[in-house]
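Reviewing the structure listed below.
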Amino acid sequence: CARLLLRAGADPEAVSEGGYRPLHLCKSPDSIECVRQLLQHGASVNSQTEEENDTALHVASRHGLAEHVQLLLRHGAELEVKNKEGQTPLNAACAQHHQPQDMDRYYRVCQLLVESGASINTEDRDRQHPLHLACKNANAQIVELLLARGANVNVMNYGGNTALHNILQVAAYKLEHRPELVVQALLNHGAIRIWPGSLLKVLQYCHSCPRVIEALVNSYTHVRVSEDWVEAVPAEVVQKYPCFYQSLFSLGHRPRSLQHLARCTLRTFLEGRLLLVLSQLHLPGALHQFLLLGFEDVLY
């Protein structure tokens, strides 16, 4: 249909009452041919919507449309254009809520944008970086991508939150996204740990994600576990994860193992270069994972 209309003289730059051009309305996977036809007939790849100031690349990124993104980039789409919210296309992709089954699609979009040169530390109007936004959506693949490219793991947004704060705020609502992988990645890339006195509050909110608690607790040589910790976890959650919570509560009256203390000492010594050094040591797989806070579902 689009081909016929364009061949008949339809304007590829016509603006709707809402301020959208045809390219801005291509929001589904099956609209890729429309995008192709519009570009071939002279549509401006970087035109912006009148209200939100979105480009077609913003739209495609927000909807997780990797094929659209690839096509738009080939036609010269600009990577650093900001919309009304101060978001670049990469920010928009990282900010969009998505289901677990869509995580790979959004990762692919972010990968295309980053590999094409998108800035990974561009902040929006709320000083949210792509890393903050990806953590809010608990997409570990995107988080790893951004961290590997040098994203600032400890930068704070306008509200004073770091990426670690963001993932802890949503972990209980994103269980199927595996938020523990995000927490693990942030800690391994040098995230400043939360104040130990806040761990009880985290437990109250994240008790349904024991691996999140495991990663956090294992990043300290010792945590002070009190009776308040026991009361913070509902009985049904303890019944669901008995081994983990029994081991957690027992930390209140026993020291951590020498193995764990050695891990903490080495991680502290290698702070800021942990991943680089470990990649050069050729350690056995099990030891490598242990040093990177691999999950064991028990604390010792």
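Brief remarks follow.
- Which listed residue is surrounded by 14 or more Cβ atoms within 10 Å (Cβ to Cβ), more than 28 Å from residue 170 (Cα to Cα) and either modelled with pLDDT of 95 or more or more than 28 Å from the chain's Cα centre (by Cα) (or both), from 278, 293, 287: 278
- Taken over the stretch 80-95, the criterion of being surrounded by fewer than 17 Cβ atoms within 10 Å (Cβ to Cβ) and either out of contact with any His (no Cβ under 8 Å at 6 or more places or on another chain) or in contact (Cβ under 8 Å) with a residue 40 or more places away in the chain (or both) is satisfied by 80, 84, 85, 86.
- From the options 114, 109, residue that is closer than 26 Å to residue 188 by Cβ, crowded, with 24+ Cβ neighbours inside 10 Å, of a type in the set (Val, Ile, Thr) and at pLDDT 95 or above: 109
- Only listed residue being under 24 Å from residue 138 (Cα atoms) and either free of Cβ contacts under 8 Å to residues at least 12 places away in the same chain or touching an Asp or Glu at 6+ places or on another chain (Cβ under 9 Å) (or both), chosen from 287, 281, 293: 293
- Within the stretch 222-233, being within 14 Å of residue 196 (Cβ to Cβ), surrounded by 15 or more Cβ atoms within 10 Å (Cβ to Cβ) and out of contact with any Phe, Trp or Tyr (no Cβ under 8 Å at 6 or more places or on another chain) holds for one residue alone: 223.
- Residue list for the stretch 149-164, restricted to those being farther than 20 Å from residue 216 by Cβ and hydroxyl-bearing (Ser, Thr, Tyr): 158
- Reported count of residues in the stretch 46-77, each being part of a loop (DSSP other than H, G, I, E, B), acidic (Asp, Glu) and within 21 Å of residue 104 (Cβ to Cβ), is 0.
- All positions within the stretch 32-56 that are closer than 15 Å to residue 71 by Cβ, hydroxyl-bearing (Ser, Thr, Tyr) and crowded, with 20+ Cβ neighbours inside 10 Å: 55
- When residues in the stretch 17-40 are screened for being assigned to a loop (DSSP other than H, G, I, E, B) and farther than 27 Å from residue 142 by Cβ, 5 of them pass.
- The sole residue among 14, 43 that is modelled with pLDDT under 95, touching a helix residue (DSSP H, G or I) at 6+ places or on another chain (Cβ under 6 Å) and in a loop (DSSP other than H, G, I, E, B) is 43.
The values are calculated or read from the model by the stated rules, or taken from the named source; none is laboratory data. Nothing here was measured: the structure is a model prediction, and the numbers come from that model. Here Cβ is always computed from backbone atoms with ideal geometry, including for glycine, and neighbour counts include all displayed protein chains.
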